[in-house]
Amino acid sequence: MNRNRRSLYGALAATLVVGWFLGGCSSGASVTVNVSVPRPLVEPIDAAVGIYYNDELMNYVHEEELVEHGVYRIDIGASQAPVFAQVFDAMFETVVPVARVDGDDPDAEIQDSGTEGDDTASDPQPVRFTRPDGTPPAVAGIIAPSIEEVQFAIPKQTGSEFYEVWISYRLDLYDTNGNRLGEYPVIGYGKANEANFSGLGQASPALNVATIWALRDAAAMLSFQFRGQAQSQDWLAMIGSTKMHATTPEQVAQ
Amino acid sequence: MTIQRLPRHGIAASLVLAAAWLAGGCVQTTVQGVRQAETDLGDSESVVILSRKHKTQGETEDDFVACVSDQVNSGKDALPILTEREFVDATFPWFEPRTAPLNMDDLTQVINRPIISERIDEIGVRYLVWIEGQTQRSDETGSLQCTVVTGGIPGCLGFLSWERGSNYEASVWDVQRRMTVGTLSSEAAGTSFVIAVVVPVPVIARVQEEACANLSQEIKTFLGPQDSTGA
């Protein structure tokens with residue numbers, strides 16, 4: 001009996017020691033972020049636009065191995081359509097989802113699934129967009145968001161107290177005939193203070209919070225700045241938006 | 001009835017633990033407040049406790065803001081509180097880390113927009129309390145060693161102490177009158193330690209909790225019904 005008890009204590013102690021050592025090492029993290037954002041409080045632009053979400057955006061996963069810190073996986077695909085839908089619904093009078101019809105290869109835009117974006121940026125030919133039922137969309141222009149790059153940093157790399165996430169978006173701006181007229185960049189930044197997460201296993205929840213803040217920041221900056229920037233103003237002028245300056249936002253503190 | 005005498009080293013250990021407990025419970029606190037204008041919280045109005053999130057270091061802990069928010073909203077003289085999350089969601093994207101107004105001029109510009117002022121009226125927020133500061137650990141001394149002795153039993157020996165200091169400041173903005181009505185501060189410092197003779201016994205100075213309790217009481221007094229002597 002006494003021997004059994006000692007064995008039990010020994011096992012417990014060994015577990016604690018092993019746990020202690022493991023706790024000192026970071027073994028990466030995996031987060032799946034599926035959130036939306038509040039509806040932005042902005043004056044809508046008087047225009048009807050179509051929004052095209054490509055498959056790469058909708059299934060976006062960033063995976064990276066940090067030397068000595070493990071493998072980190074950030075899955076943000078499921079959040080893209082809800083976040084952009086919420087933002088564009090507030091930014092424009094009318095928003096309709098559209099599909100893209102490509103010639104021989106309807107999946108051409110998702111062939112390159114890296115972080116360099118889809119092929120729309122270099123596509124010299126007009127792109128045909130339709131409503132999901134195949135009919136032409138009654139819109140003045142079309143916006144196609146894509147993710148160009150995701151980066152993150154952990155406190156052990158930077159020496160700071162934050163887990164940080166950057167999401168770099170590109171919005172391709174088309175006219176109703178599918179001619180690409182320009183693009184608009186959006187960068188979302190989020191951080192989570194490690195002090196808000198206790199000890200062991202803090203990487204996943206902290207990275208999750210930082211990613212949510214990055215998505216939220218991208219939504220905020222897009223809704224806040226879009227109508228005041230030259231690229232979007234040019235596009236709005238070309239597609240014939242009438243009340244593009246309902247209000248003029250101030251310079252945003254960076 | 002049998003009374004057993006404690007061995008000498010047992011008495012010594014007990015005395016050390018008792019002294020440690022008493023000393024550990026001691027936290028020095030300082031509170032200060034500057035009133036710049038009278039306050040008058042209406043029946044249907046509420047207060048929001050917010051933290052600054054734009055800094056690259058020294059960000060206020062989420063649990064401190066939650067603690068102040070909860071304590072201001074409870075107990076004697078409780079004030080109606082709208083949580084930070086409810087407020088920033090209701091005013092999205094105007095109070096996000098990169099877009100929130102940093103001073104009264106910025107706030108005035110934001111609130112002067114009809115779409116924002118209507119929403120602020122709708123949710124009934126009268127005062128914004130911006131909290132800055134944090135609790136930091138410093139001056140660690142001593143050492144503590146733990147090992148697994150014969151038979152697989154873990155044991156620790158040593159003494160470790162450290163100091164923690166909290167330093168928080170709150171600016172109170174009157175949304176209706178577009179002005180800063182006061183600044184409150186709460187500081188606390190205390191020493192925590194761990195004594196280990198086989199079993200480690202931590203004695204933690206509840207520094208942040210004291211700072212939270214003091215700042216919450218300050219906010220309640222500051223924004224609560226004013227007596228004739230003022231704050």
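The values are calculated or read from the model by the stated rules, or taken from the named source; none is laboratory data. Owing to the predicted nature of the structure, the values given are computational and were not obtained by experimental measurement. Every residue, glycine among them, receives a Cβ derived from its backbone with ideal geometry; neighbour counts consider all protein chains shown.
Quick one: would you say A:LEU8 is within 14 Å of chain B (Cβ to nearest Cβ), modelled with pLDDT under 95 and either surrounded by 18 or more Cβ atoms within 10 Å (Cβ to Cβ) or out of contact with any helix residue (DSSP H, G or I) (no Cβ under 6 Å at 6 or more places or on another chain) (or both)?
So A:LEU8 passes the test.
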Exercise. Quick one: would you say A:GLN86 is crowded, with 21+ Cβ neighbours inside 10 Å and either assigned to a strand (DSSP E or B) or at pLDDT 95 or above (or both)?
Worked result: no
For this session: Of the numbered conditions (1) touching a residue at least 40 places away in the same chain (Cβ under 8 Å); (2) within 14 Å of chain B (Cβ to nearest Cβ); (3) surrounded by fewer than 22 Cβ atoms within 10 Å (Cβ to Cβ), A:GLN202 fails exactly one; give the number of that condition.
Result: (1)
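Residue-by-condition table, conditions (1) of a type in the set (Asp, Glu); (2) surrounded by 20 or more Cβ atoms within 10 Å (Cβ to Cβ); (3) free of Cβ contacts under 8 Å to residues at least 24 places away in the same chain; (4) in contact with a Phe, Trp or Tyr (Cβ under 7 Å, 6 or more places away or on another chain):
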site	(1), (2), (3), (4)
A:ALA144	no, yes, no, yes
A:ILE154	no, yes, no, yes
A:THR158	no, no, yes, no
A:TRP166	no, no, no, yes
A:ASN179	no, no, no, no
A:GLY182	no, no, no, yes
A:ALA192	no, yes, no, yes
A:ALA218	no, yes, no, yes
A:SER223	no, yes, no, no
Problem set entry | Unique match (being away from chain A (no Cβ under 11 Å) and in a loop (DSSP other than H, G, I, E, B)) among B:LEU102, B:LEU107, B:LEU79 | B:LEU79
Exercise. Any idea which of (1) part of a strand (DSSP E or B); (2) out of contact with any helix residue (DSSP H, G or I) (no Cβ under 6 Å at 6 or more places or on another chain); (3) in contact (Cβ under 8 Å) with a residue 24 or more places away in the chain; (4) away from every other protein chain (no Cβ under 12 Å) is the one B:LEU184 doesn't satisfy?
Worked result: (2)
Seminar exercise, completed: Here the residues within the stretch B:67-93 that are in contact (Cβ under 8 Å) with a residue 40 or more places away in the chain and of a type in the set (A, V, I, L, M) are B:VAL68, B:VAL72, B:ALA78, B:LEU79, B:LEU82
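Quick one: in the stretch A:92-120, of everything that is of a type in the set (A, V, I, L, M), over 18 Å from the mean Cα position of the chain (by Cα) and not in a loop (DSSP other than H, G, I, E, B), which residue is modelled with the lowest pLDDT?
Per the criteria, the residue is A:ALA108.
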Exercise. So B:PHE95 clears everything in (1) more than 12 Å from B:VAL48 (Cβ to Cβ); (2) within 14 Å of chain A (Cβ to nearest Cβ); (3) part of a loop (DSSP other than H, G, I, E, B) except one condition, right? Which one?
Worked result: (1)
